[in-house]
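One structure below.
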2 protein chains.
Amino acid sequence: MTLTRLGSGSMPTVTLDDVARAAGVSRSTASRAINGGRKVSPEAQRAVDDAVAMLGYSPNPAARTLVTRRTGSIALVVPEPDARILSDPFLAGLLRGVSDGLTGTDLQLVLLISRQGERPGRTARYLRGGHVDGAIVASHHEQDHLDDQLADAALPVVFVGRPLSDSGLHYVDADNVAGGAIAARRLLERGCRRIGTVTGPMTMPGGLDRLAGWEQEMTRAGRATDAVTHGDFTVEGGARATVELVEAHPDLDGIFVASDLMALGAMQVLTERGVRVPEDIAVMGYDNLGVAERTTPRLTTVYNPLVEMVAAATATLLDMVDGAPAPAGPQVLSPYLVEGGTA
Amino acid sequence: MTLTRLGSGSMPTVTLDDVARAAGVSRSTASRAINGGRKVSPEAQRAVDDAVAMLGYSPNPAARTLVTRRTGSIALVVPEPDARILSDPFLAGLLRGVSDGLTGTDLQLVLLISRQGERPGRTARYLRGGHVDGAIVASHHEQDHLDDQLADAALPVVFVGRPLSDSGLHYVDADNVAGGAIAARRLLERGCRRIGTVTGPMTMPGGLDRLAGWEQEMTRAGRATDAVTHGDFTVEGGARATVELVEAHPDLDGIFVASDLMALGAMQVLTERGVRVPEDIAVMGYDNLGVAERTTPRLTTVYNPLVEMVAAATATLLDMVDGAPAPAGPQVLSPYLVEGGTA
DNA sequence: TTGTACGCGTTATCAT
DNA sequence: ATGATAACGCGTACAA
């Protein structure tokens, strides 16, 4: 007897029943053999395995989900795709993190990118709708209230980066305050006499915290903290804020720029103006997520352990999905200095 | 009567039956009201709407999928995460493309990143398993035989980039031959007397085609095409290949580097060696996917219309999912020159 | 160890 | 327009 493979015509969906019949056992036995394989005789097991191979059987995920209440997938939520998110190593870092965290599992990744102009609440509805077993939410903006919308959800959720409204949600974060301090310290130890900073958006925890850390360290060293301008985590924004900064404070000989992308912009405008980096002005960046490596000279920067954060978040999420209680406090990872030639 | 919201306890899964009961109609009517709303009286519609809102009802996707045979999601397959894929604007471009193509739809995106060390065929099995309604496959390497594995599948699939084994699959591509020619032409018109090229991997269609285009144009202009070295689409590889190239051909005054990342490496080593760009040697890049914008001077390059390709692929896929036949031939988009200061 | 029977939540068919 | 009722494909108590 020959097996006829139907060409492009829709395959006649081989079901568990077919497998059972072909193996000469009942559906239950076939099911057990296919899953754990517990409580099934070697012969039955073999018969089922053969039938599966023969028929090219693949369990229907929907049916399985319907009864097990497990979808086998988790969501990565990337809200508000502003310039920073979609154009940068940031996104790649996120994906590497969850990808790392998912190795060994059979879970798949559903990527939720909030498209602008879509009805608010759509993402939250999707997440609560039972499409996924859990979610990790990255870098949310202030305006979207995903944290509130998810606060009372049954769905396991882990945030990457401290949510603005601390509603008891679990999250993993990097110690951006410490990072800002590291940057300041480097410039101080380097002997800079007058140090300024270009911050990130004051609406984002990361921007705020890095500034706070810088101020702390500067103050501790008895330095002024008045040379501050604000950027938006983009190259152009960094360039603009740097021009502002140096024009307002011509005596600067060291700048902490709160992201590598902005630092890139800073280096460009400084170079254009004939300012030598680091001889005239030392520049510290932040992130080390693929940009700092590519400047000349290589940017001295602070590593923002994004991949590790996301991997940790994923690991935690997996535990929660498996029924483990959410960890008591947040996990906080430490940034560290990455040597370069600009500070 | 007050609605009691259960706190963290797992919500008692409100089903369509509950809605129907609360609305005083049958399940069928409730279902119709919730979906198209066809053949349902205004009163019934209102009653159902109210009940839905009241109960916070959300249809069970698994149950729905089970009967409709639609999952409401498509997969983006990113095989073989080598250096190029995960660390670069390439991935961001892919995601922007599908994201663009998905606007207006209720489809979600499942990201399939082949993790190395996983059983081969896993991805193909997943795709054939009915988890998604369709798939777009990007930038596959030679070694994974996803194209073969998917050739006879019932699942709608669109490739981004020409598959190596042309098995009648549908794909959308960029005209890399034309792109290579554009790069060559620019260098020729600029007055370069001796032109070389750093290619991409000779195992990838893009690498091969860009070289072919360059050779075509050079030959047409009566120039030699012997100054060729091979890179791997990475910064380091580009730097290495460039050194090789200029050492073997000291008379070069123009180089076409087949990717911006490699061009970045090229500019770095050239600068280190005291070679001025573009005065001594003009440099043409390729891609314009986020790297060229950030070099100083800005790289002159050829735009590889990745986002448009993926968006087109997604659009085609959506049609196919909706039952439309696969287009006859491949869609091919055209690259174009992007001005910069290096050539 | 194996099989029987039921339930998961929805949509689709077909009378009414 | 509405309402029974039958699938959809699978896991799993429970009984044997």
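The values are calculated or read from the model by the stated rules, or taken from the named source; none is laboratory data. What you see is a predicted model, and the numbers here were worked out from it, not measured in a lab. Cβ coordinates were reconstructed from backbone atoms using ideal geometry, including for glycine residues, and neighbour counts include every protein chain displayed. These area figures cover heavy atoms from the full protein model, side chains too; ligands, DNA and RNA do not enter into them. Shrake-Rupley method; radii C 1.70, N 1.55, O 1.52, S 1.80 Å.
Data table
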| read-out | value |
| --- | --- |
| Among (1) open to solvent by less than 30 Å² (accessible area, probe 1.4 Å); (2) modelled with pLDDT under 95 - the single one residue A:322 does not satisfy | (1) |
| Where residue B:327 falls short, out of the listed (1) touching a residue at least 60 places away in the same chain (Cβ under 8 Å); (2) open to solvent by 20 Å² or more (accessible area, probe 1.4 Å); (3) not assigned by TED's automatic domain parsing to the domain that holds residue B:105 | (3) |
| Single residue of segment A:15-26 satisfying the filter (over 42 Å from the mean Cα position of the chain (by Cα) and not in a helix (DSSP H, G or I)) that is nearest to DNA strand D (Cβ to nearest atom) | A:26 |
| Hits in segment B:15-62 (condition: among the hydrophobic types (A, V, I, L, M, F, W, C), open to solvent by less than 40 Å² (accessible area, probe 1.4 Å) and touching a Leu at 6+ places or on another chain (Cβ under 9 Å)) | B:19, B:30, B:62 |
| In segment A:73-88, the residues that are at pLDDT below 90 and either more than 8 Å from chain B (Cβ to nearest Cβ) or farther than 27 Å from residue B:104 by Cα (or both) | A:78, A:79, A:80, A:82, A:83, A:84, A:85 |
| Counted residues, segment B:27-47 - those being more than 9 Å from DNA strand D (Cβ to nearest atom), part of a helix (DSSP H, G or I) and either touching a helix residue (DSSP H, G or I) at 6+ places or on another chain (Cβ under 8 Å) or within 14 Å of another protein chain (Cβ to nearest Cβ) (or both) | 1 |
| Test result for residue A:52, within 14 Å of chain B (Cβ to nearest Cβ) and within 12 Å of DNA strand C (Cβ to nearest atom) | no |
| Filter result (crowded, with 24+ Cβ neighbours inside 10 Å and more than 14 Å from chain A (Cβ to nearest Cβ)) within segment B:285-304 | B:286, B:300, B:301, B:302, B:304 |
| Breaking point among (1) touching a strand residue (DSSP E or B) at 6+ places or on another chain (Cβ under 9 Å); (2) assigned to a loop (DSSP other than H, G, I, E, B), for residue B:310 | (2) |
| Residues (charged (D, E, K, R) and out of contact with any strand residue (DSSP E or B) (no Cβ under 6 Å at 6 or more places or on another chain)) located in segment A:229-257 | A:232, A:236, A:240, A:247, A:251, A:253 |
| Among the candidates B:315, B:263, B:241, residue that is part of a helix (DSSP H, G or I), at pLDDT 95 or above and farther than 19 Å from residue B:180 by Cα | B:315 |
| Failed item, numbered, when residue B:130 is tested on (1) within 18 Å of the chain's Cα centre (by Cα); (2) under 30 Å from residue A:97 (Cα atoms) | (1) |
| Identity of the residue in segment A:332-343, closer than 17 Å to residue A:309 by Cβ and open to solvent by 60 Å² or more (accessible area, probe 1.4 Å), that ends up nearest to the chain's Cα centre (by Cα) | A:332 |
| Among (1) within 14 Å of chain B (Cβ to nearest Cβ); (2) open to solvent by less than 60 Å² (accessible area, probe 1.4 Å); (3) modelled with pLDDT of 85 or more - the single one residue A:100 does not satisfy | (2) |
| Test: residue in segment A:242-255 that is open to solvent by less than 20 Å² (accessible area, probe 1.4 Å), in contact (Cβ under 8 Å) with a residue 60 or more places away in the chain and under 22 Å from the mean Cα position of the chain (by Cα) | no |
| For residue B:162: the one exception among (1) in contact with an Asp or Glu (Cβ under 6 Å, 6 or more places away or on another chain); (2) among the charged types (D, E, K, R); (3) open to solvent by less than 20 Å² (accessible area, probe 1.4 Å) | (3) |
| The listed residue being modelled with pLDDT of 80 or more, surrounded by fewer than 22 Cβ atoms within 10 Å (Cβ to Cβ) and in a loop (DSSP other than H, G, I, E, B), out of A:70, A:125, A:115 | A:70 |
| Subset of segment B:253-274 (residues that are within 14 Å of chain A (Cβ to nearest Cβ) and farther than 29 Å from residue B:333 by Cα) | B:268, B:269, B:270, B:271, B:272, B:273, B:274 |
| Unique match (being part of a loop (DSSP other than H, G, I, E, B) and farther than 30 Å from residue B:245 by Cα) among B:154, B:135 | B:154 |
| Filter pass, residue A:198 being open to solvent by less than 30 Å² (accessible area, probe 1.4 Å), not hydroxyl-bearing (Ser, Thr, Tyr) and not assigned by TED's automatic domain parsing to the domain that holds residue A:319 | yes |
